[in-house]
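The values are calculated or read from the model by the stated rules, or taken from the named source; none is laboratory data. This is a predicted model, so every value here is computed, not measured. Don't worry about glycine lacking a Cβ; one is built from the backbone with ideal geometry, like all the others, and counts go over all protein chains shown. We work out accessible area using only protein heavy atoms, side chains counted, and drop any ligands, DNA or RNA first. Shrake-Rupley method; radii C 1.70, N 1.55, O 1.52, S 1.80 Å.
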Amino acid sequence: MDSVDLVCEGGGVRGIGLVGAVDALAAAGYRFPRVAGTSAGAIVGSLVAALQHAGAPLSRLAEIMRSIDYRKFLDRNLIGHIPLIGGGLSLLVSDGVYRGAYLEHLVAERLAEFGVHTFGDLRTGDEPDQFAWSLVVTASDLSRRQLVRIPWDLPSYGIDPDTFPVARAVHASAAIPYVFEPVRVGGATWVDGGLLSNFPVDLFDRPGPRWPTFGIRLSARPGIPPTHPVHGPVSLGLAAIETLVSNQDNSYIDDPCTVRRTIFVPADQVSPIDFDLSEEQREALYQSGLQAGQKFLKTWNYADYLSACGGPVKPST
């Protein structure tokens, strides 16, 4: 069985595509000592880490993701239920149209099934601290104007990383601005990690690593991106959010090392905030990820990886 660290990009409901790619890797015999993710990638990453923690088959991941009713993510507060103006009032009062409470509750419930509650449950025992937990999720701290790597950066907020709920971290990582209320932690305001880095594929890099890092990105390979029509204020607002969440890392995405270790899952046909996905759309996203993962593995070559990324890397074990 081969070991690789795994980094999953954010992308809202497109995250189902990540599951297909993970299934392809797991079927090929890979395991993931460390997993990182942003937004949807944080949801998938947390479940991968929990399944491995419990010794459960990663095939359970697809079963869990297929059972989720994404429409329930749109959980309005009391003000939000006021006809016509509720959404606008929620945005003014709570800084988000939806609470995000359902998302956190759902993740907490699923993780608990596998014995995971706080980051202390995901301790690896490895040193240094960068490798001390099997899961890292990212959020954007609007108060400090910086990326938060949870649990690594929690001590700077006066928080013991081992006591922090994993589901709370995932909630913060997936809190798309204006769509969901921000998460308040230690006097700071956290939102979707995609604002600052939606695909932190270099998170686990270090000189002489024991194994490579694979990334899963919810877009086609670098090239000319598709054009999406934008008409009117609502369309403009949604396009702005999607751009913020999906394209913060494009400046280095065509780097040879990044390309060589990344599975590109075509998912542009679905909006990241389309929470009313049909069964057909869900299955299409999953199959897109599965096929992308299988295609990646057919061309994966360790020597090419070393050539692209440089540095002495020991064979995976």
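The set of residues in the stretch 137-161 that are more than 13 Å from residue 172 (Cβ to Cβ) and touching a helix residue (DSSP H, G or I) at 6+ places or on another chain (Cβ under 8 Å) comprises 152, 155, 160, 161.
Being assigned to a loop (DSSP other than H, G, I, E, B) and modelled with pLDDT of 95 or more is true of residue 159.
Would you check which residues across the stretch 17-57 are of a type in the set (S, T, N, Q) and under 17 Å from residue 103 (Cβ atoms) and list them? Steps first, please.
Of the stretch 17-57, the ones of a type in the set (S, T, N, Q) are 38-39, 46, 52.
Result: 38, 39, 46.
Considering only residues that are more than 14 Å from residue 46 (Cα to Cα), outside any loop (DSSP other than H, G, I, E, B) and aliphatic (A, V, I, L, M), which ones fall in the stretch 140-155? Across the stretch 140-155, the qualifying residues are 147, 148, 154.
Taken as a whole, the structure places residue 120 among residues that are more than 20 Å from residue 178 (Cβ to Cβ), assigned to a helix (DSSP H, G or I) and either more than 19 Å from the chain's Cα centre (by Cα) or at pLDDT 95 or above (or both). If the condition is being surrounded by 14 or more Cβ atoms within 10 Å (Cβ to Cβ) and of a type in the set (S, T, N, Q), then the stretch 264-279 contributes only 271. For the criterion of being at pLDDT below 90 and either touching a helix residue (DSSP H, G or I) at 6+ places or on another chain (Cβ under 6 Å) or in a strand (DSSP E or B) (or both), residue 125 fails. Here residue 32 passes the criteria (1) farther than 11 Å from residue 135 by Cβ; (2) at pLDDT 95 or above except the one numbered (1).
Run down 237, 223 and say which single residue is farther than 17 Å from residue 11 by Cα and either out of contact with any helix residue (DSSP H, G or I) (no Cβ under 7 Å at 6 or more places or on another chain) or modelled with pLDDT under 90 (or both). Working first, answer last.
Values: 237 fails: farther than 17 Å from residue 11 by Cα.
Exactly one of 237, 223 is farther than 17 Å from residue 11 by Cα and either out of contact with any helix residue (DSSP H, G or I) (no Cβ under 7 Å at 6 or more places or on another chain) or modelled with pLDDT under 90 (or both), namely 223.
All told, residue 184 falls short of being touching a residue at least 40 places away in the same chain (Cβ under 8 Å), of a type in the set (Lys, Arg) and open to solvent by 10 Å² or more (accessible area, probe 1.4 Å).
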